[in-house]
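The values are calculated or read from the model by the stated rules, or taken from the named source; none is laboratory data. The model shown is predicted, which means the values in this text are computed figures rather than measured ones. With ideal geometry, Cβ positions are generated from the backbone for all residues, glycine too; neighbour counts draw on all protein chains shown. Please note that ligands, DNA and RNA were not included when accessible areas were found on the heavy atoms of the full protein model with its side chains. Shrake-Rupley method; radii C 1.70, N 1.55, O 1.52, S 1.80 Å.
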Protein chains: 4
Amino acid sequence: MTAAKPGAGTRDGKPGAGTRDGKPGAGTRGAGRPRSAEKDAAILKAALDLLASHGYTRMSLSQVAEAAQVSKSTIHLRWKTKADLLTAALAALRMADAPAPSGDTRAELIAILEDFAATVERVRGMALIGTCLAEEAHTPELLALLRERTVLPRRALLRQVLEQARERGEILPDADLEGAVSALLGPYYADYMAASSPRSGWARAAVDLVLAGLRAGSDTR
Amino acid sequence: MTAAKPGAGTRDGKPGAGTRDGKPGAGTRGAGRPRSAEKDAAILKAALDLLASHGYTRMSLSQVAEAAQVSKSTIHLRWKTKADLLTAALAALRMADAPAPSGDTRAELIAILEDFAATVERVRGMALIGTCLAEEAHTPELLALLRERTVLPRRALLRQVLEQARERGEILPDADLEGAVSALLGPYYADYMAASSPRSGWARAAVDLVLAGLRAGSDTR
Amino acid sequence: MTAAKPGAGTRDGKPGAGTRDGKPGAGTRGAGRPRSAEKDAAILKAALDLLASHGYTRMSLSQVAEAAQVSKSTIHLRWKTKADLLTAALAALRMADAPAPSGDTRAELIAILEDFAATVERVRGMALIGTCLAEEAHTPELLALLRERTVLPRRALLRQVLEQARERGEILPDADLEGAVSALLGPYYADYMAASSPRSGWARAAVDLVLAGLRAGSDTR
Amino acid sequence: MTAAKPGAGTRDGKPGAGTRDGKPGAGTRGAGRPRSAEKDAAILKAALDLLASHGYTRMSLSQVAEAAQVSKSTIHLRWKTKADLLTAALAALRMADAPAPSGDTRAELIAILEDFAATVERVRGMALIGTCLAEEAHTPELLALLRERTVLPRRALLRQVLEQARERGEILPDADLEGAVSALLGPYYADYMAASSPRSGWARAAVDLVLAGLRAGSDTR
DNA sequence: TATGAATGAGTGTTCATTCAT
DNA sequence: TATGAATGAACACTCATTCAT
């Protein structure tokens, strides 16, 4: 969950923006001053920060404009509405890279979970998640993007490690891997709901619980 | 997570509640026109509905007033501020009762988790949770109350069942019960983050995983 | 400028109030509980205090009610509107008594002026005056009553002393006494406008100036 | 006490005034749409009118907006708060110029006093003064500005004339000039308090009284 | 009589958005 | 392109007043 490097692919999710996009002669840069890429990036970064710290409705475009050192109109020139801007800001989120594969399933899973927790704390992730959940009925794109850019990639990472473990015979061949992924990540959310901070060692405990369950199977089912 | 019946102990946190104390049959009823209990209830219900469907900042007292068929002033007569009102609305949430103890640990845990999921879905609980998370920095009372009234009681229920199982020797004596509780509830949150609806059978799977883990212990730690 | 003793003549200026006034059989007290005279007085006192400290529009009937320890409705029962109440409160103002006549014109004038200044300061008189001036276009009764109850009686006192001095031949027989009264009081206002507090010795200086002028006449007219 | 010509130095105390500094012919005019000077003036004029006719608290920004034919937001763009706006409106008051010095002390003083009275009547000055007095406890800037912009300059004018008279030996060398100034202006206020209009010839009478007093001294002190 | 509930009109202020330069 | 001005709609909250007990 980090802001993508500016300049590469940041135009994604900018719905009504590109006035140049329909122009003939690809390659021609068009007349007039080109849009500043620095400003693009500064606006998106400011928007994301404010989204996490103030929430969707409490943040204002004036605040974004001030933080990004541009005028409000400059924002509207790029994104038609507030929702468009914040959608784009979320779209610029990027997952951290996968950890180096060590062959040690347990260690790899713990590393991923701890990186997850660290990232969430670094970017006030729970507030951001809360905002997207709260807005789900009103601006579903926010939650959709959060999923696409952060939740699902992280889940895929975990799943990959579990699949390798399965191939190595470390866990049962018919194990429910999606369920296992939720069992790995879930305790973090549950802990936060109980106390705004995870129990220390939560990641280790979650991994051990899941590995034990997948290894042994459960004989009461 | 259900709105408490009006008239029974719902006066908590109502600042300007006046002289009445809700006790029936107390002879002295205080001077002046009595406050309408129907309006109390209608306001709280409308507030909670709107809180879940629009979020804290997007909902307005005008909307509450209209939904509850009262004037805005009538709301302000009862609660000084918007935060007071919504705090009271959350405080009026009530946990479902504990399920009848059957002696079957697995069945009891599953029942609690399925009731949890049903309640969350009935009151748009994830949007409510999202709102409280999003407002944590700004109106921490919301999350605090949500915890106190819904999260912690549910956790206590789960813990109680686990403690009984420990007494019966069904799980290891040194098992980390708090961690187990988070492992039971967590998958619901994780599933919601992945897809806005839990995998079918999530509760059963979570219970089996946890019971297996607690029974076997984990030998890799 | 002091609040009149409660119970004596405080019903003056209560326009639409007396529901009993039209009743037949003077002397019959009517059925039901009689209106509390203490409350009358407490309300008027609170109203006057608040009028001086907050001004007409900034004070609220709730504040009056709280200060007087009655309900808002009790106020409306006696006076139909806010303006009625404050008019009545001003009507309850009373001038201080005339100083004992000493035969010393200069000393008597100074005494009156210093009492004037002291009274103004004691009751935040300039704020009260300001309120009445500010409301002149909207609620002219306020300024009218302030005049009738405080300004004109004070002027009459001063005029009386000057008339005695004229009879004794201390000042010119054709002196403009109204102008002299304004010349005596005016410097206080002018000083306040310049600095919110009169120059020390202003009263003495004003009296000396006026007496000198009236004694000598002015030879340039 | 007249509204200053728009465009010349009226930007004092305008918080969000932006990049323009009012200097003409400066080549760089700043980016974006220029702020309408007509609106500036219309708002200030409307604010001052309403301040005098309704008083601080009774007037509303909606009224100002309607009278000035602008939106409320346009007002807030220029001044952050109601107090800021009215402070600026008062700050835009300007004293009339000094009368041509004629060498005739008496005539000059009378001219100043009559201009004072005329100005007060033209801008509903006593209501304005009343508002500032009434608000002294709550918004002291109003009275402070009224003093700085109108009261003190007028007093300085009077004092100047008196000083010249002293230099010419027309009045006693040790005369209390501040007291004399208050004695000149005071009768106007005192008359207004008595009857909402000065006695005819008040200015002449005040000047004669003061000059007589300063010429003769007062032998009873 | 006296009380507290209830309300409609109104407050100053903020905001996302559009317009003119 | 980029800016600042301008705006309509909405916001939480207050008030004097009327109603029901």
**Q.** All helices (runs of 4 or more DSSP H) inside region C:132-221 with 2 or more residues being under 24 Å from D:R106 (Cβ atoms)
**A.** C:177-195, C:202-216
Q. Can you spot a residue in region D:85-101 that is within 13 Å of chain C (Cβ to nearest Cβ), without any contact (Cβ under 8 Å) to a residue 24 or more places away in the chain and more than 12 Å from the chain's Cα centre (by Cα)?
A. no
**Q.** In region A:43-63, the residues that are over 16 Å from A:A91 (Cβ atoms), more than 10 Å from chain B (Cβ to nearest Cβ) and within 13 Å of DNA strand F (Cβ to nearest atom)
**A.** A:S60, A:L61, A:S62
Q.
Considering only residues that are touching a Gly at 6+ places or on another chain (Cβ under 9 Å) and charged (D, E, K, R), which ones fall in region C:136-175?
A. C:E136, C:E141, C:R168, C:D174
(Q) For the condition within 30 Å of D:R166 (Cβ to Cβ) and out of contact with any Pro (no Cβ under 8 Å at 6 or more places or on another chain), what is the one hit in D:A89, D:A83, D:A98? (A) D:A98
(Q) Restricting to region A:57-96, and then to whatever is closer than 20 Å to A:L145 by Cβ and open to solvent by 70 Å² or more (accessible area, probe 1.4 Å), can you tell me which residue is farthest from DNA strand E (Cβ to nearest atom)? (A) A:R94
Q) exposed (fewer than 13 other Cβ atoms within 10 Å of the Cβ), at pLDDT below 95, farther than 30 Å from B:L184 by Cβ and in contact with a helix residue (DSSP H, G or I) (Cβ under 7 Å, 6 or more places away or on another chain): does that describe B:P15? A) yes
Q) Counting just the residues of region D:170-198 that are hydrophobic (A, V, I, L, M, F, W, C) and open to solvent by 30 Å² or more (accessible area, probe 1.4 Å), which one comes out modelled with the lowest pLDDT? A) D:L172
Q: Considering (1) away from chain B (no Cβ under 14 Å); (2) within 16 Å of DNA strand F (Cβ to nearest atom); (3) touching a helix residue (DSSP H, G or I) at 6+ places or on another chain (Cβ under 9 Å), say which one A:K82 fails and leave the rest.
A: (1)
Q: Determine, yes or no, whether D:L113 is open to solvent by less than 50 Å² (accessible area, probe 1.4 Å), within 14 Å of chain C (Cβ to nearest Cβ) and at pLDDT 95 or above.
A: yes
Q.
I'd like the residue in region D:199-221 that is modelled with pLDDT of 95 or more and more than 8 Å from chain C (Cβ to nearest Cβ) and, out of all such residues, is most open to solvent (accessible area, probe 1.4 Å).
A. D:S200
